[in-house]
Each structure stands twice: as C-alpha cells, then as structure tokens.
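Heads up: the structure comes next, in structure tokens.
The values are calculated or read from the model by the stated rules, or taken from the named source; none is laboratory data. All of these numbers come straight from a predicted model, not from anything done at the bench. Cβ sites come from the backbone with ideal geometry, for glycine too, and all protein chains shown count toward neighbours. Keep in mind that these areas ignore ligands, DNA and RNA; they rest on the heavy atoms of the full protein, side chains included. Shrake-Rupley method; radii C 1.70, N 1.55, O 1.52, S 1.80 Å.
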Amino acid sequence: MPMAEQQPKFGAGDRVRVRCLNVKGHNRTPWFIRGKVGTVERCHGAYPNPESLAYGGSGEPAMPLYLVEFSQRQLWEGYEGREGDKLLADVFEHWLEPA
Amino acid sequence: MPGVHDRGGWPTDDPIDQEEHPVMDWEVRMSALLGALRGKGLMRTDEMRRGIESIDPSRYESIGYYARWAESVESILAEKGIFTREEIDGKMGELSGGAG
Amino acid sequence: MSESHGHEHPGMAHDEELGYYARRVRAMEAVLVEKGIVSGEEVERLVAEGEARTPADGARIVARAWTDPGFKNRLLADAKAAVAEMGYSESESLPDVVVAENTDGVHHLVVCTLCSCYPTWLLGRPPDWYKSLTYRSRAVIDPRGVMGEFGLELEEGVVVKVLDSTADVRYLVLPQRPAGTEGWSEVELARLVTRDSMVGVSRPLTPETVVG
C-alpha cells in the first residue's frame with residue numbers, strides 16, 4: 001500500500017519563513033535557518049517524516065521536502081562574502097509558513 | 001540553543017584539518033554492520049541520527065565519526081531490546097580474555 | 001555557546017577510545033551473529049561493497065556530462081535516473097541525489113551541518129575533513145574562507161551557493177570542464193575529476209597536471 005503523503009503547498013519562487021517549532025526531539029531543521037525568510041528553489045517530492053521515523057513511527061504522512069534558498073547576508077550578521085551569496089537547505093513543509 | 005550536532009555557524013576560527021587518515025578495520029566493520037542492520041529495517045537513518053544526537057555533548061565532541069556510530073547503534077539496538085548493554089560488556093570481556 | 005576545543009580528531013579517537021570502540025564493535029557484531037540477526041558473510045559482503053565505492057564513480061558521471069549534453073540535461077533533471085543509464089541499476093534503493101552545476105557565475109559547495117551526509121554511493125567514504133566539526137560549522141558561515149584554505153579563489157563576480165544536505169537528498173557538484181580539453185575522451189576527462197571538485201572545495205585538475 002502506498003504511503004499516505006501530503007500534497008505540496010508551496011512551489012518554486014514562493015517566499016517562505018522557517019518556523020521556530022518547539023520540537024524537542026530529532027528533527028532536520030538546522031538552528032541557523034529558523035525564523036529566516038527564503039525562497040523555494042524546488043520541491044523534491046514527499047519523504048517520510050524523520051521526526052516520526054526516528055522514534056519507530058511510520059513516517060506517515062510523507063511530507064513535501066523543499067530546497068529553500070536564503071541570502072547569506074540575511075543569515076549571518078557581518079557575512080564577509082559577496083552580496084549574492086546563497087545558502088540552500090532542505091526543509092520539510094511543516095517547518096515552513098508563507099512569508 | 002542548538003543541539004551539539006547542529007554545528008552550522010558555530011563560532012570557531014580553527015582552520016580545517018585537511019589531513020586524511022586511512023580508514024581503520026573496525027570503522028569498515030562498523031560501517032558494514034550498519035549497512036546490514038539497515039537492510040533488515042533494524043536501524044533507520046533517522047534512528048541512527050537520533051542515537052548520535054543523544055550522545056553526551058562533551059563526548060560527542062571528543063570522539064570520532066565512527067565512534068559516534070558505534071555509540072548510536074549500541075544505544076538504539078539496546079532500546080529495541082535486540083541486545084542488552086550487559087551482553088555486549090560480557091562479549092567484550094570474553095573476546096579480550098581470549099586474546100590474552 | 002561552547003566551542004570546539006581543538007581536540008577533535010575526525011575519524012580517529014584517542015588511542016584508548018580507539019581500542020575501546022574497536023573491541024566494542026567486534027563484540028556487537030559477535031552478539032548479533034550469535035543471535036542470528038546478521039551473518040558474518042553478510043558483513044563481509046558489505047565490507048567489500050563499501051570498499052568498491054570510490055570517487056571514480058562520480059568522476060565517470062561528470063566526464064559523461066561534459067561530453068554528452070543530453071546526458072547532462074537528464075542528470076540535472078533526475079540524477080538517479082540518469083546514472084541508472086550508466087549501469088548503476090541498484091540506485092533505486094540508494095539515497096536521492098541532486099547534481100548542482102557550476103557555471104561562470106555560480107560555484108557550489110556541499111556540506112552537512114547536522115551530521116555528515118555525503119553522496120557515498122558516488123564518491124565513496126567521505127574524507128575526514130568533511131566530517132570535522134570545523135568544516136560543518138564554517139562551510140555555511142564562511143564558505144569563501146574555507147575554499148581559500150583548500151587553495152580555491154573564485155573569479156570576481158562568481159556567486160557562492162552552499163548546499164546544506166539536511167534531509168533525504170545528497171548533493172554532488174558538477175564542476176566546470178577545464179579549458180584545453182577539447183576533443184578529450186570521457187576516460188581521459190574522468191582523470192581530471194577529483195573528489196574535492198565534486199564537493200566544491202576545489203576545481204578539477206588541469207590538463208598540464210595529468211599529461212605525461
């Protein structure tokens with residue numbers, strides 16, 4: 001039986017903010033992008049939820065996973081690279097809200 | 001506060017140590033053992049990651065990559081009741097005893 | 001926030017710990033074999049499979065992309081499907097891969113800040129520095145400084161895009177084909193493609209370095 005999956009809410013080009021969820025356990029959202037605004041570069045498709053898989057759960061529903069692009073200058077105060085430098089990270093949909 | 005594993009942007013001025021060490025036999029075994037456990041569905045990637053993230057922070061920072069794997073596999077398999085830590089202690093003593 | 005105290009030895013713990021973990025892993029394997037959960041042969045087979053993975057796999061793929069524009073487009077659109085064409089038929093069960101193409105205007109650098117995710121099935125085991133706490137910290141906040149330590153200075157105007165492999169996807173950099181390689185075969189080109197150039201900390205070798 002195919003795994004239940006959530007349909008993607010966002011598409012390439014959408015502005016999104018990474019939520020500051022109070023998830024105590026295992027998750028895949030690095031601290032340094034929380035609360036930051038970025039742009040969806042692409043949706044990779046849906047993947048089983050790691051926050052469930054890590055504790056023996058089924059991972060259902062599979063969650064859309066997005067490659068999100070952030071401006072380095074907005075992530076780091078005093079970033080020393082160039083204006084156009086970017087950081088891209090994969091973020092699960094429940095960690096994102098429209099911005 | 002980020003967990004000890006969540007390293008992005010942590011303050012450090014240390015240069016990257018580019019020296020490469022040959023992989024050791026036990027690290028190769030560790031890696032293969034993990035592959036076998038994964039293949040049987042006994043050790044998922046995110047369970048493995050959770051086990052690594054649960055290592056005491058100062059220990060996490062002082063041990064190597066494959067040692068973290070060993071810690072995680074042991075704790076997750078013990079949690080699942082596949083073996084007990086005492087069984088591993090016992091076997092370790094037995095193997096060391098055998099080797100003199 | 002605490003700092004890394006500079007006593008980290010990536011892939012290599014202190015001697016006593018090293019002995020401890022070597023024995024611990026042996027004991028775990030022995031117990032799992034006794035319980036019939038894994039077999040020694042199975043572990044041996046996986047050891048051999050692990051050893052067979054090297055950056056030569058990634059290099060073949062890059063060289064094909066350099067010589068075959070159709071393949072390159074398929075690789076960028078769906079890397080697993082494209083490499084399956086090259087005989088990596090088992091790729092179905094392996095982690096998804098996205099290939100990021102370097103151009104005159106964009107240079108990519110790959111890191112995994114949360115653990116050490118790496119496209120192992122295309123590049124073999126990750127190098128010690130990739131797994132180090134310093135690389136995992138600095139590659140995102142100071143990518144140009146990190147690349148500089150590896151001897152890579154980018155041309156004026158090139159934008160750096162850092163890829164943090166935080167979840168289920170592994171990233172492989174498609175470096176730019178070196179100048180002076182017109183007419184080279186795939187096999188010849190693959191010799192120029194280094195592991196580090198597919199992670200993004202360096203460029204491929206130049207023709208001068210391999211001729212002769």
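Brief remarks follow.
- Test: residue in the stretch A:12-33 that is assigned to a loop (DSSP other than H, G, I, E, B), small (Gly, Ala, Ser) and in contact (Cβ under 8 Å) with a residue 40 or more places away in the chain: no
- Between B:ASP6, B:ASP46, the distinction of being open to solvent by less than 20 Å² (accessible area, probe 1.4 Å), more than 7 Å from chain C (Cβ to nearest Cβ) and in contact with a Pro (Cβ under 9 Å, 6 or more places away or on another chain) belongs to B:ASP46 only.
- Filter result (touching a residue at least 60 places away in the same chain (Cβ under 8 Å) and either facing chain B (nearest Cβ under 9 Å) or open to solvent by 10 Å² or more (accessible area, probe 1.4 Å) (or both)) within the stretch C:119-147: C:THR120, C:TRP121, C:ARG125, C:PRO127, C:ASP128, C:TRP129, C:LYS131, C:SER132, C:LEU133, C:THR134, C:SER137
- Residue match in the stretch C:62-72 (condition: away from chain B (no Cβ under 14 Å), more than 19 Å from the chain's Cα centre (by Cα), surrounded by 12 or more Cβ atoms within 10 Å (Cβ to Cβ) and not β-branched (Val, Ile, Thr)): yes
- Condition met for A:ARG73 (modelled with pLDDT of 95 or more, open to solvent by 30 Å² or more (accessible area, probe 1.4 Å) and part of a strand (DSSP E or B)): no
- Which listed residue, of B:GLY90, B:GLY81, is surrounded by fewer than 12 Cβ atoms within 10 Å (Cβ to Cβ) and either small (Gly, Ala, Ser) or in contact with a strand residue (DSSP E or B) (Cβ under 7 Å, 6 or more places away or on another chain) (or both): B:GLY81
- Residue list for the stretch A:78-99, filter: over 10 Å from A:VAL68 (Cβ atoms), of a type in the set (Gly, Ala, Ser) and at the interface with chain C (Cβ under 9 Å from one of its Cβ atoms): A:GLY81, A:GLY84
- Residue ID - farthest from the other protein chains (Cβ to nearest Cβ), chosen from residues in the stretch C:43-54 that are open to solvent by 40 Å² or more (accessible area, probe 1.4 Å) and touching a helix residue (DSSP H, G or I) at 6+ places or on another chain (Cβ under 9 Å): C:THR54
- The stretch C:170-212: number of residues that are in a loop (DSSP other than H, G, I, E, B) and either of a type outside the set (S, T, N, Q) or closer than 18 Å to C:GLU101 by Cα (or both): 21
- Scope the stretch A:23-44; condition within 14 Å of chain B (Cβ to nearest Cβ) and open to solvent by 50 Å² or more (accessible area, probe 1.4 Å); matching residues: A:LYS24, A:TRP31, A:LYS36
- Long-range neighbours under 8 Å by Cβ, at least six apart or interchain, first residue under 18 Å from B:GLU71 (Cβ atoms) within the stretch B:10-33, second of a type in the set (Asp, Glu) and modelled with pLDDT of 95 or more: B:ARG29/C:GLU29; B:ALA32/C:GLU44; B:LEU33/C:GLU29
Conditions (1) charged (D, E, K, R); (2) more than 14 Å from chain A (Cβ to nearest Cβ), marked per residue:
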residue: C:LEU152; (1), (2): no, no
residue: C:GLU156; (1), (2): yes, no
residue: C:SER165; (1), (2): no, no
residue: C:TYR171; (1), (2): no, no
residue: C:ALA179; (1), (2): no, yes
residue: C:GLU186; (1), (2): yes, yes
residue: C:THR209; (1), (2): no, yes
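- Scope the stretch A:45-68; condition surrounded by 17 or more Cβ atoms within 10 Å (Cβ to Cβ) and either more than 14 Å from chain B (Cβ to nearest Cβ) or among the aliphatic types (A, V, I, L, M) (or both); matching residues: A:ALA46, A:LEU53, A:ALA54, A:ALA62, A:MET63, A:PRO64, A:LEU65, A:TYR66, A:LEU67, A:VAL68
- Within the stretch A:76-99, the residues that satisfy the criterion of being buried (at least 18 other Cβ atoms within 10 Å of the Cβ) and part of a strand (DSSP E or B) are A:LYS86, A:LEU87, A:LEU88, A:ALA89, A:ASP90, A:VAL91, A:PHE92, A:LEU96.
- Test result for C:GLY40, within 14 Å of chain B (Cβ to nearest Cβ) and on the phi < 0 side of the Ramachandran plot: yes
- Of all residues making up the stretch C:148-167, the number that are surrounded by fewer than 20 Cβ atoms within 10 Å (Cβ to Cβ) and either in a strand (DSSP E or B) or not aromatic (Phe, Trp, Tyr) (or both): 11
- Checked against (1) facing another protein chain (nearest Cβ under 9 Å); (2) touching a strand residue (DSSP E or B) at 6+ places or on another chain (Cβ under 9 Å); (3) at pLDDT 95 or above; (4) within 30 Å of B:ARG59 (Cα to Cα), C:PRO95 passes all but condition (3).
- Highlighted here are the helices (runs of 4 or more DSSP H) found entirely within chain B that include at least 2 residues which are over 26 Å from A:TYR55 (Cα atoms): B:25-39, B:85-98.
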